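Working notes for the structure below.
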Amino acid sequence: MLITRLKDKETLLSLAGGKKVFIINCHGCREVYFPLEEAAELQKELEASGSVTGSITTDYICNPENMKLRLEKHKDEIGTADAVLVLSCGVGVQTISEYLEDKPVYAACDTYPQPGFQGVTPLQYDCDQCGECYLNLTGGICPITACSKSLVNGQCGGSKNGKCEVDSEMECGWERIYRRLAQIGRLDLLKCPTQVRNFATDKEVAE
Amino acid sequence: MKITEAFERGEFVVTAEVGPPKGFHIEHMLEEAKTYLSGITAVNVTDNQSSVMRLGSLATCKALKDEGLTPIFQMTCRDRNRIALESDLLSAALFGIENLLLLTGDHTKLGDHPQAKPVFDLDSVSLIHAVKQLESGVDLGGNELVGEPPKFAKGAVVSPCSDSVDVQLAKMERKVAAGAEYFQTQAVYEPEKFIQFMEKAKQFGKPVQLGIVIPKSVGMCRYMNENVAGIHVPEEMIEELKADKEKTKAGITGVEIAARVIRECKPYCQGVHIMAMGWESKVPELLRQAGI
Ligand code: SF4
Ligand code: SF4
């Protein structure tokens, strides 16, 4: 089980405020608890300021086949948007971000674990439910699962020929992140403040 | 003494690295360090290098300090969480150890305890940040320290000949932003690449020490080329080592090559860091040939 919770308003406005955004809501699978009301409210607020080019609400956005067809239908609306805001778990955001490779794709939610049965979604992407989703700093590629050391402040010195020091078959996650940030013109995100991980997040959710 | 003071005086700063043994008998290591490394600015002590379990860096630093040398305490994030790291930093301050080199560390899978849990609670950047916090009198949990806070010279590493040098430069910038005051590099065998790197790195305004590993044999070079990230020994150098087997075995060729790399890079950097890997005895001759 996992829980997605909307990031705080300040963060969301810094991502979407003053920009034209396309919104994707995933009402997901049974494993995910999704903040329906808060999401609807956010969307209303953004619409009122006239900056939403379009939106879709669907389920299983982590299924790349399905998603491709749906995104095709909204090609123009997505095209005119400056960024795509995704309200889903970390896997969903990564699926969209890989598909819309030259568009900034932002995660509007943080994903937390919830004790209990872990859903069996067909996973091409991984989310470790770290509770403080980093995808907005890393071009939609999860540093927790794409980097063998789950580094959140950049590449270690171990990458060789673009491969990770732990597994020569695996592409270094931070190479991918760097490439993607270059592609969407957001290398400036690498200059963000030092990130210190918070392993207390599930307790916070319980509170 | 803090190594940063030597940079401030404009010295070309020489450091060398020693690796503690797998055991606690360090008489031999201390003897070698005293004999061959006492003329240089400071001596790095590696922290379970390559994820191979050994005698601790902190204890070895203390032993070196007692012998009158200036140690640099290397710390990785692989084996300790933030509580243990911060605690060890305070222990270092108690022992009067003033120089740090802060690294992420190799993954546990690369070493001799592949079953061990890799920690990485912090990484090189957040560890530098943690040191800065402690220096301000507050720990990472936001709690105040008792009494005068510690003060360290905070060093970090960077890989100038990495095949993803731009990604490395981005990380270097984050380290500087977090509080890194000086850098030591991965071993360099390609001066052109190093010089190009320094052209870009000089914008950060922090002293950089060129990393040197004396090439001991053809096998070692080939091994590094295949397995060690950020190191590439050009084919011509390997040929040079092949040319005279006796000379190579005696370390003469390796020292010649290393001295040449230092001479070519010296105008572009602020010091040299020698990783002798057991060849500590060659360090004085290397420095002589390099004109230092
Ligand atoms: S950063 Fe990765 S692990 Fe954390 S919530 Fe986002 S996708 Fe999941
Ligand atoms: S080589 Fe890349 S993926 Fe592997 S641990 Fe280092 S930064 Fe992470």
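The values are calculated or read from the model by the stated rules, or taken from the named source; none is laboratory data. These numbers were taken from a predicted model, which means no experiment stands behind them. As a convention, Cβ positions derive from the backbone with ideal geometry for all residues, glycine included, and neighbour counts pool all protein chains shown. Accessible surface is based on the protein model in full, side chains and every heavy atom, while ligands, DNA and RNA are left aside. Shrake-Rupley method; radii C 1.70, N 1.55, O 1.52, S 1.80 Å.
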Q: Just name the residue that is nearest to residue B:116 (Cα to Cα) out of those in region A:146-180 that are of a type in the set (A, V, I, L, M, F, W, C) and within 9 Å of chain B (Cβ to nearest Cβ).
A: A:166
Q) So, of the residues in region A:89-115 that are assigned to a strand (DSSP E or B) and modelled with pLDDT of 90 or more, which turns out to be surrounded by the most Cβ atoms within 10 Å (Cβ to Cβ)? A) A:107
Q. From the list A:145, A:194, which one is in a loop (DSSP other than H, G, I, E, B) and either within 16 Å of ligand 1 (Cβ to nearest atom) or crowded, with 18+ Cβ neighbours inside 10 Å (or both)?
A. A:194
Q: Report, ordered by the first and then the second residue, all pairs with beta carbons closer than 9 Å, sequence separation of six or more or different chains, a first member in region A:154-169 that is over 11 Å from residue B:230 (Cβ atoms), and a second member that is of a type in the set (Asp, Glu) and within 16 Å of ligand 1 (Cβ to nearest atom).
A: A:154/B:123
Q. Do you know which residues across region B:253-284 are aliphatic (A, V, I, L, M), at pLDDT 95 or above and either open to solvent by 50 Å² or more (accessible area, probe 1.4 Å) or more than 16 Å from residue B:190 (Cα to Cα) (or both)?
A. B:275, B:283
Q. Out of curiosity, is residue B:15 part of a helix (DSSP H, G or I), in contact (Cβ under 8 Å) with a residue 12 or more places away in the chain and either closer than 30 Å to residue A:149 by Cβ or under 15 Å from the mean Cα position of the chain (by Cα) (or both)?
A. no
